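Quick note: the coordinates plus some simple rules give every number you see, no bench work behind them. Every value quoted in this text rests on a predicted model; they were computed, and no experiment measured them. Cβ coordinates were reconstructed from backbone atoms using ideal geometry, including for glycine residues, and neighbour counts include every protein chain displayed.
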Amino acid sequence: MTSERALRTELSAVAKSLHARGFCANHEGNVTARLERGRFLATPGAVSKRLCEPDALVVLDEKGAVASGRGKSFSEAALHLAVYRVRADVGAVVHAHPPYATAFACAGRALDRPILAEAVVSLGAEIPLVPFSAPGEAAVAALAPFLERFDAVLLGSHGVLAWGDDLEQASLRLEHVEQVARICQLAEPLGGARALPAEALPALLEARRKAFPRLAKAAPSGPPVSARPTATVIPSASPDLARIIAEELASALRGR
Ligand SMILES: [Zn+2]
């Protein structure tokens, strides 16, 4: 078990790294890690991630109140605690507003097409969009349907939330979401990112199940649960066919 001192050092480094990469402006973003006995180490509210030294971190209780430390709690703590309540396997949660992924979240678009093999293995075939809700209980309720099946989500008109076994895994997932979003946007003027061939997906998803044994026990993937403002994926059709249909629909709608 990692000592609290070591966890403080690691969490502080993750927070500073979020700031250094431009993923958190002003007081945006927060990072937490599970301690023992229902306590969570956290970045303090209303402080730049640039200034989150190990001794500036706070310990939160199961309701998100500060149990020790001089800093404040933050409203998004409710989202972190919702993840920990549902996912006993999760040891850390990272939230930030990385610009490319946040642009998708603000446009109301999920990253719901599998375009990169490595991302399918590490994040799954889609990164869903949680519909926007006001902070607090409504945001927790909106997030709830996504917690079992996913390890990273876009928060509508807001940012990215990612979780994992530990700080390293959770922060890598957030970084990976941003990378997928960035590639999608860079591909837009080139005609848009193409979905991987449908026949490539089973092997990639099997590699994912092997990499993350929890998934072998989880319910099989059902229909996408993300809010979908555009028709982009038809599960039984090939991704290319789905793309063609989506483009036809979009051009038909533009013609009205
Ligand atoms: Zn936020």
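Given C-alpha coordinates of region 152-220, what is the ratio Rg to Rh with the Kirkwood estimate of Rh? If you can, show how the numbers build up before the last one.
Numbers: Rg = 14.5 Å, Rh = 14.2 Å.
Rg/Rh for region 152-220 comes to 1.02.
Lys and Arg at +1, Asp and Glu at -1: add these up for the other residues within a Cβ distance under 14 Å of Ala20 and post the number. Before the final figure, lay out each step's value.
Numbers: positive: Lys16, Arg21, Lys49, Arg50; negative: Glu28, Glu175, Glu178.
Around Ala20, the charge tally is +1.
If a paramagnetic tag sat 7 Å from the Cα of Thr2 along the Cα-Cβ line, which residues of region 78-106 would have the backbone N under 13 Å from that point?
90-94
May I ask you to evaluate 6.51 cos²θ - 1.76 cosθ + 1.60, the Karplus curve with θ = phi - 60°, for each residue of region 135-144 and list the ³J(HN,Hα) values in order in whole Hz, giving x for glycine and proline?
The phi angles translate into x, x, 4, 5, 5, 5, 5, 5, 6, 3 Hz.
Residue by residue through region 68-82, what is 3J(HN,Hα) from phi via Karplus (6.51 cos²θ - 1.76 cosθ + 1.60, θ = phi - 60°)? Round to whole Hz and write x for glycine and proline.
Along region 68-82, the couplings run 7, x, 8, x, 9, 7, 8, 5, 6, 4, 4, 5, 4, 5, 4 Hz.
Label region 20-175 by shape, choosing from rounded, prolate and oblate, from the square roots a ≥ b ≥ c of the eigenvalues of the Cα gyration tensor; if a/c is under 1.5 it is rounded, and otherwise prolate applies when a/b is larger than b/c, oblate when it is not. Intermediate values should be presented prior to the final figure.
Details: a/c = 1.60, a/b = 1.46, b/c = 1.09.
Because a/c hits 1.5 or more and a/b exceeds b/c, region 20-175 counts as prolate.
Want the number for Ala141 to Leu51: 0.36 nm per residue separation, take away the alpha-carbon distance, what's left? Don't jump to the answer; show the numbers that get you there.
Details: separation 90, 0.36 × 90 = 32.40 nm, distance 3.14 nm.
That pair, Ala141 and Leu51, stretches by 29.3 nm at full extension.
What order do you get for Cys106, Cys184 when you list them from fewest to most C-beta neighbours inside 10 Å?
Working: Cys106 16, Cys184 20.
Taking fewest neighbouring Cβ atoms as first place, the list is Cys106, Cys184.
Run the dipole for region 75-228 about the Cα centre, Lys and Arg Cβ at +1, Asp and Glu Cβ at -1, nothing else charged, and hand back the magnitude in debye, nearest 20. List each step's numbers first, then the result.
Working: 14 positive and 16 negative charges, 69 e Å.
About 340 debye.
Could you list which residues have their amide H under 5 Å from that of Asp165, counting only those 5 or more apart in sequence or on another chain, with H placed in the peptide plane?
Gly91, Ala170
Using the Karplus equation 6.51 cos²θ - 1.76 cosθ + 1.60 (θ = phi - 60°), what ³J(HN,Hα) coupling, rounded to whole Hz, does each residue of region 52-65 give in order, writing x for Gly and Pro?
Result, ordered by residue: 7, 6, x, 7, 8, 6, 10, 10, 9, 8, 5, 9, x, 7 Hz.
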